[in-house]
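Only the coordinates and a few stated rules stand behind these numbers; no lab work does. Source: prediction; values computed, not measured. Neighbour counts are summed over all protein chains in view; Cβ atoms, including those assigned to glycine, are modelled from backbone coordinates with ideal geometry.
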Amino acid sequence: MAKKPTAAIVLAAGKSTRMVTALPKVLHEVCGRPMLSYVIDACRSAGIERIVGVVGYQKDQVIEAFEGEADVTWVWQEDQKGTGHAALMCRDALEGFDGNVLVIAGDMPLVRAETLELLVATHQRQHAAVTLATAVLDDPTGYGRIVRDEYGNLQGIVEESDCTEAQRAIREINPSYYCFDKKLLFEALGEIRPDNVKGEYYLTDALHILVQKGCRAVAITAVKPEEAVGVNSRSQLAEVGRIMQDRIQHSLMNNGVTIVDPPNTWIDVRAEIGQDTVVYPFTYIHGRVRIGQRCAVGPFAYLRDGTMLADDVVVGVFTELKNSTLGEGTRARHLSYIGDAQIGQRVNVGAGTLFANFDGQRIHRAVVGNDSYIGNGAILVAPLTVDEGRQIAHGSIVRENNATPERAEP
Ligand code: UD1
Ligand code: MG
């Protein structure tokens, strides 16, 4: 059978009372990026070319965060009447589209592309009207429970607040990864009624409606427990962040980076680190940071957005870098602040060097040429250019046009 096209609906309109926040929940960051971006990326990696995001609470902020991402269109759900109502809002946006529709929640950033691919492939192979990917958890608290009949056939999903005592004990749960036949999805969505404890239109009821009509509903237990953790509270945000951090670190380690003490290291998902670089404990790497090969970073290093280290660079203890480039073989071993600086190759940045990049109004850049030697405790006041091979004495305050002597031959 030819592969049908697949579109995705990503639900992101909720206000999220449980987060106690003014920011839309899906914009809260996980390892440096908004949680929604992981869900959208997982869809892309699974080969989905058309993504519809449902926004509501503070919608403009969400849309702005994804500006320029042309494969995502946005639909407004004015009142948040439930996940079923949210999905129904996408009818017009998917007008003329025929195929499969994935529906996933924007607060599930741990979703993996492999799981979505398997979900869609199973859905096609089984000629199903709806296919779910489920997880089995030791503690199913808070999730919709998967109800099957005595033969194991899928019957429906019951939200925790509507569960009977027996249903509450079910450990197979709904992580909110669904694949529907597009036509049947919108038919079912039109029939959902808000007759539940919360008075909401539940997407989960679409499943029950399709089963009642005799349509084929399939559930595959394909979601690892860690992948089923959604973000409904700040505690879950931290839990998801920890799992994501482990993934990031494992991926770096698999690519030849040594992380001496993973639990005491934090690396942004946007960071790139080259082979045989060693990251020592208590290092915090935040933002778009690029680190070359064979570098040593930390302990206690703080690398911020825009830091670029070439190969064989050493950044040591209590050194902070921001929006700065360090050339090959350059060393900043102790206690420095390097902000908005472009430092050449084989430069020695002495202990306690400070780049004074901010004059109270504006940020200025400093350039330091190759093979220069910056003594301990120097303050380099930007804007500033230090030529190649210069010697800056310990304790100097260097300003633009100050003469700096040539470095004595070592
Ligand atoms: C939902 C599922 C539950 C599942 C759980 C997994 C339903 C009824 N329940 O519950 O079975 O176990 O996810 O995490 O679907 N949203 C909207 N518009 C709305 C309401 C919600 O866009 O009107 C969005 C939210 O922003 C969120 C997602 O839908 O991203 C899920 O909503 P949430 O309130 O978190 O549902 P859960 O209670 O977690
Ligand atoms: Mg949720």
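For GLU191 and ARG288, FRET efficiency with R0 = 51 Å and r from the beta-carbon atoms, rounded to 0.05?
Numbers: r = 47 Å, r/R0 = 0.92.
With a Förster radius of 51 Å, E is 0.60.
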**Complete:** Those trypsin sites (Lys or Arg not before Pro) from the stretch 87-139 that are DSSP loop and have at most 16 other Cβ neighbours within 10 Å turn out to be ARG91
**Asked** If each of SER233 and ARG362 carries a label point 7 Å out from its Cα toward its Cβ, how far apart are those two points in nm?
**Response** 5.0 nm
**Request:** Take peptides 63-70, 96-103 and line them up by average Cβ neighbours within 10 Å, highest first, as a rough protection proxy.
**Result:** 96-103, 63-70
**Request:** Please report how far the C-alpha centroid of the stretch 42-92 lies from that of the stretch 273-304, rounded to the nearest whole angstrom.
**Result:** 35 Å
**Highest to lowest packing among 293-306, 4-17, scored as the average C-beta count within 10 Å** = 4-17, 293-306
**Highest to lowest packing among 151-159, 324-332, scored as the average C-beta count within 10 Å** = 324-332, 151-159
**Message:** Relative contact order for the chain: what percent, with Cα pairs under 8 Å and sequence separation of 6 or more?
**Reply:** 10 percent
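Relative contact order for the stretch 255-398: what is it in percent, counting Cα pairs under 8 Å that are at least 6 residues apart? Mind showing how you got there, number by number?
Details: 498 pairs, mean separation 18.6, N = 144.
Once normalised by length, the contact order is 13 percent.
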**Message:** Can you compute the helix-only [θ] at 222 nm over the chain? Use -39500 (n - 2.57) per DSSP H run of at least 4 residues, normalise by all residues, nearest 500 deg cm²/dmol.
**Reply:** -5500 deg cm²/dmol
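When DSSP beta bridges are limited to those with both residues in the stretch 302-403, what percentage is antiparallel, rounded to the nearest 5? If you can, show how the numbers build up before the last one.
Details: 1 of 31 bridges.
Of those bridges, close to 5 percent are antiparallel.
Among the listed pairs LYS183/LYS224; LYS4/LYS59; LYS81/LYS213, which have their C-alpha atoms separated by more than 27 angstrom in this model?
On the way: LYS183/LYS224 30 Å; LYS4/LYS59 31 Å; LYS81/LYS213 25 Å.
Pairs exceeding 27 Å: LYS183/LYS224; LYS4/LYS59.
Need one number: % antiparallel among DSSP beta bridges in the stretch 6-228, to the nearest 5.
Numbers: 19 of 40 bridges.
Rounded to the nearest five, the antiparallel share is 50 percent.
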**Request:** Among DSSP beta bridges whose residues both lie in the chain, state the antiparallel percentage, nearest 5.
**Result:** 25 percent
